[in-house]
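Novice: The following block contains the structure, expressed as structure tokens.
The values are calculated or read from the model by the stated rules, or taken from the named source; none is laboratory data. Note that the coordinates shown come from a computational prediction; the quantities given were computed from them, not determined experimentally. So basically every Cβ, Gly included, is an ideal-geometry build from the backbone, and we count neighbours across all protein chains shown. Heavy atoms of the whole protein, side chains included, go into the accessibility calculation; ligands, DNA and RNA do not. Shrake-Rupley method; radii C 1.70, N 1.55, O 1.52, S 1.80 Å.
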Amino acid sequence: MSEDLRKIIVDGEEVEAPAHYTLLQACELGGAEIPRFCYHERLSIAGNCRMCLVEWVGAPKPVASCAQSVRDLRPDRDGSPPKINTRSEYVKKAREGVMEFLLINHPLDCPICDQGGECDLQDQALFYGRSYTRFDENKRAVEDKYMGALVKTEMTRCIQCTRCVRFISEIAGVEELGLVNRGEDAAITTFLEASLTSELSGNVIDLCPVGALTSKPYAFNARPWELESTESIDVMDALGSNIRVDARGPEVLRILPRVNEEINEEWISDKTRFVWDGLRRQRLDKPYIRREGRLQPASWGEALELAADKLRGAPERVAALAGDLCDAESMKALMDLMRSLGVQNMDCRPPGSALGEGPRESWLFNTTLYGLEDADAVLLVGTNPRIEAPVLNTRLRKAWLEHDAKIAVIGQPDELTYPYAYLGGGAQILADIASGAHAFAQMLKDAKRPAIILGEGAVTRPDGAAVLKLAADIAAMAGMMIAPSEDLPEGWNGFNLLHSAAARVGGLDLGFLPGEGGMDAQSVLSAAANGGLDAVYLLGVDEYELDALRDTFVIYQGHHGDRGAQIADVILPGAAYTEKDAIYVNTEGRVQSARRAVAPKGQAREDWAIIRALSERCGRTLPFDDLAALRAKLMTEHPTFGAVDYAPGGASAGALDLSGFGAAGELDGAALQSRLTGFYFTNPIARASTTMAEASAASGAASGALAAAE
């Protein structure tokens, strides 16, 4: 037996557990079930609730198993392993007493509580509580606290487990919740009762073991047994967080996280969680054609015929652009249709982007989301991970907390949730680091696992290619490419692109890019403004200014009446991400499948099916009749899509050469900055959500109030 393993006897069975395990973990390793309220494996130990009491044979009183480690248990007098009982009458009586105390002041309002049916207190009261109480005093009442537009409070139900406090301070990294007063007056509250400002605040709803913190937008909408759950993938950012979509009939009513240790652990951002009301507003539910300056309803036949007629023109005067929420199947179908028509003007990137040239690793987050926790020196360039990828930001915070990772920022000095060295705003600093003239260059060299993270804001500039070149030079200078070895079997690649769009990596992997002599997105907009294009096909493009297309015939395929639909001449209504089976590739190159939770609205159809029907009208019928055939073609022609749930990481770091990547050129004097200017309105679904509007207003008001208080 190695030194870090200890033997204990759990309910008569010998268990070997690591010495650093808590007694609760060791008992569960032996198959015992331990109730708990305050304990959570991702949070620090509090030992508040005492529900996890067990009997350590020989101890004078019950032991809180969450706060006792295995290494602290002494052997019995005869040298035998310590004995732990979790099901004895002694333990049963102790837990019944704890439960009785917890229920003294609880309002017992389960019939009107949104936690009903999913409540830890309900479940554990049934299994571990008494069927009666000995207390008949008046219950205390606690005033509800304001926590913003997302979290609803009923603080009389609170049992002071402090899970929410520990999450907000430890994981989210903002000191906005605390426990004030003592004894009967103890209460959880926010600072000056202001709104929570964290982009991860909704996770306290999942953590709350009672109904004290619930979802304000979901309040009184449904009971859990009424909902049909579908496992799917989030598209609000490029992480591909694993989610569960809960729907009743045709409406999505709730979005919750699924556990995936390699991507989002068990957290999701507030935008992911609360954007669902935007799925029912401003929807495109029928085809439209612009007649006499106004969009008017049309049949599918009319809309497809008009679109096909415009696409059959001179191929050099036609273009296709793909937006931020597109799935791989729809981009593949559109790309094949355009190529069959001879169209070379295609792009899936925002205007001005320098990505797309070089090996696949040049546009991936190669460190992987999980691997980022091991980085010990990180350079952030033109990115604000707190708003671009809040869940990834928790990984950076964890790297700082657990092994004091050194983090530096080039760009805007935004408020992150960990300390960092601000190196400045200009791209010239990258040149200084690459040449070794900057002090942070030595810190990267000395690090065992250095990393650089480029945001899309750094590569969608006039000098984007030069920025990429310097980033590759820094990666080479700091030795960020570490080949797999005995000591590091997975390898290490510290060169990372943090995308802000769910569609970006999938589009780049497909090659949805300008063909020979074709125009990119920036050139398409310029050509359209000068009358150089006859038709532009927008596949869900809403994320940048489209005024340049007003004098060009625009075919818009999408699901919301946003920027693209406003300038369209033909609208083909598509399906949102909860309304179709689709493939997305996240920022680390991991292929994942979203599942259909509800049907598309009205006459809307899945995007690949619309393009397939359009191809018939164009006389270029695509060679597939169903999604399975399309996916088979996709994976045959682009094998990376067959590697489902696989992130390449550092596996190819030893053979990867970025020395020729990017292009030398003059650097722009403007400061580097994130592509996103805010968190709540980054896509058409979020912009249609009243919840996101309320959260944005509350967050802004809270920030102002805090500044005034300071």
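Novice: Could you check how many residues of segment 68-93 are open to solvent by 50 Å² or more (accessible area, probe 1.4 Å), in a loop (DSSP other than H, G, I, E, B) and closer than 24 Å to GLN122 by Cα?
Specialist: Qualifying residue count, segment 68-93: 1.
Novice: Inside segment 669-692, can you point out the residues that are surrounded by 17 or more Cβ atoms within 10 Å (Cβ to Cβ) and not in a loop (DSSP other than H, G, I, E, B)?
Specialist: Once the filter is applied, which keeps residues that are surrounded by 17 or more Cβ atoms within 10 Å (Cβ to Cβ) and not in a loop (DSSP other than H, G, I, E, B), segment 669-692 yields PRO684, ILE685, ALA686, ARG687, THR691, MET692.
Novice: Then there's this: What residue, among those in segment 40-67 that are open to solvent by 20 Å² or more (accessible area, probe 1.4 Å) and of a type in the set (S, T, N, Q), is modelled with the lowest pLDDT?
Specialist: Among those residues, the one meeting the criterion is ASN48.
Novice: Could you grab the pairs with beta carbons closer than 7 Å, sequence gap of 6+ or different chains, first residue in segment 539-553 and within 19 Å of ARG504 (Cβ to Cβ), second one open to solvent by 20 Å² or more (accessible area, probe 1.4 Å) and in a strand (DSSP E or B)?
Specialist: none
Novice: A follow-up question, please. Can you name the number of the only condition in (1) open to solvent by less than 10 Å² (accessible area, probe 1.4 Å); (2) at pLDDT 95 or above that ASP463 fails?
Specialist: For ASP463, the failing item is (2).
Novice: Among (1) touching a helix residue (DSSP H, G or I) at 6+ places or on another chain (Cβ under 9 Å); (2) outside any helix (DSSP H, G or I), which single condition is SER593 missing?
Specialist: (1)
Novice: Then there's this: Just for segment 567-589: of the residues that are of a type in the set (D, E, K, R) and touching a Phe, Trp or Tyr at 6+ places or on another chain (Cβ under 7 Å), which one is least open to solvent (accessible area, probe 1.4 Å)?
Specialist: GLU588
Novice: Identify the residue in segment 614-668 that is assigned to a helix (DSSP H, G or I) and exposed (fewer than 14 other Cβ atoms within 10 Å of the Cβ) and, among all such residues, is farthest from the chain's Cα centre (by Cα).
Specialist: Per the stated criteria, the residue is GLU616.
Novice: Here's a follow-up. Determine, yes or no, whether LYS601 is of a type in the set (Lys, Arg) and part of a helix (DSSP H, G or I).
Specialist: Taking the combined requirement at face value, the residue does not satisfy it.
Novice: State the number of residues belonging to segment 287-331 that are in a loop (DSSP other than H, G, I, E, B) and within 19 Å of ARG563 (Cβ to Cβ).
Specialist: The number of residues fulfilling the criteria is 6.
Novice: Can you name every one of the strands (runs of 3 or more DSSP E) wholly within segment 487-566 that holds 1 or more residues which are open to solvent by less than 30 Å² (accessible area, probe 1.4 Å) and over 21 Å from GLY240 (Cβ atoms)?
Specialist: 535-539, 553-558
Novice: Which of the residues belonging to segment 255-279 are in a strand (DSSP E or B) and farther than 16 Å from LEU392 by Cβ?
Specialist: Passing the criteria: ILE255, LEU256.
Novice: Among (1) open to solvent by 20 Å² or more (accessible area, probe 1.4 Å); (2) assigned to a loop (DSSP other than H, G, I, E, B), which single condition is PHE37 missing?
Specialist: In the conditions (1) open to solvent by 20 Å² or more (accessible area, probe 1.4 Å); (2) assigned to a loop (DSSP other than H, G, I, E, B), PHE37 misses (1) alone.
Novice: Can I ask one more? Residue pairs, Cβ under 7 Å, 6 or more apart or interchain, first in segment 614-638 and touching a residue at least 12 places away in the same chain (Cβ under 8 Å), second of a type in the set (Asp, Glu). List them.
Specialist: Taking only residues 6 or more apart or on different chains, the pairs are ARG617/GLU305; LEU622/ASP336; LEU627/GLU329; LEU627/ASP581; LEU630/GLU329; ARG631/GLU329; LEU634/GLU329; HIS638/ASP509.
Novice: Could you grab me the full set of residues in segment 312-347 that are in contact with a Lys or Arg (Cβ under 7 Å, 6 or more places away or on another chain) and hydroxyl-bearing (Ser, Thr, Tyr)?
Specialist: Passing the criteria: only SER340.
Novice: Looking at segment 154-176, can you tell me whether even one residue there is within 30 Å of GLU402 (Cα to Cα), in contact (Cβ under 8 Å) with a residue 24 or more places away in the chain and basic (Lys, Arg)?
Specialist: For segment 154-176, residues within 30 Å of GLU402 (Cα to Cα), in contact (Cβ under 8 Å) with a residue 24 or more places away in the chain and basic (Lys, Arg): present.
Novice: I'm told ARG283 meets every condition in (1) over 23 Å from GLU543 (Cα atoms); (2) in contact with a Pro (Cβ under 9 Å, 6 or more places away or on another chain); (3) open to solvent by less than 60 Å² (accessible area, probe 1.4 Å); (4) among the basic types (Lys, Arg) except one. Can you identify the failing condition by its number?
Specialist: All conditions are met except number (1).
Novice: Condition first: in contact (Cβ under 8 Å) with a residue 60 or more places away in the chain and small (Gly, Ala, Ser). Now tell me which residues in segment 639-654 satisfy that.
Specialist: ALA647, GLY649, GLY650, ALA651, SER652, ALA653, GLY654
Novice: In segment 673-693, what residues are at pLDDT 95 or above and more than 19 Å from the chain's Cα centre (by Cα)?
Specialist: Answer for segment 673-693, where residues must be at pLDDT 95 or above and more than 19 Å from the chain's Cα centre (by Cα): ALA688, THR690, ALA693.
Novice: Please specify each residue of segment 567-587 satisfying the condition of being out of contact with any helix residue (DSSP H, G or I) (no Cβ under 7 Å at 6 or more places or on another chain) and outside any loop (DSSP other than H, G, I, E, B).
Specialist: Within segment 567-587, PRO573, TYR577, GLU579 meet the criteria.
Novice: For residues in segment 230-245 being in contact with a Pro (Cβ under 8 Å, 6 or more places away or on another chain) and part of a strand (DSSP E or B), which is farthest from THR587 (Cα to Cα)?
Specialist: Selected residue: ARG244.
Novice: Only residues that are small (Gly, Ala, Ser), open to solvent by 10 Å² or more (accessible area, probe 1.4 Å) and at negative phi: list them for segment 3-31, please.
Specialist: If the condition is that a residue be small (Gly, Ala, Ser), open to solvent by 10 Å² or more (accessible area, probe 1.4 Å) and at negative phi, then GLY30 is the only one that fits.
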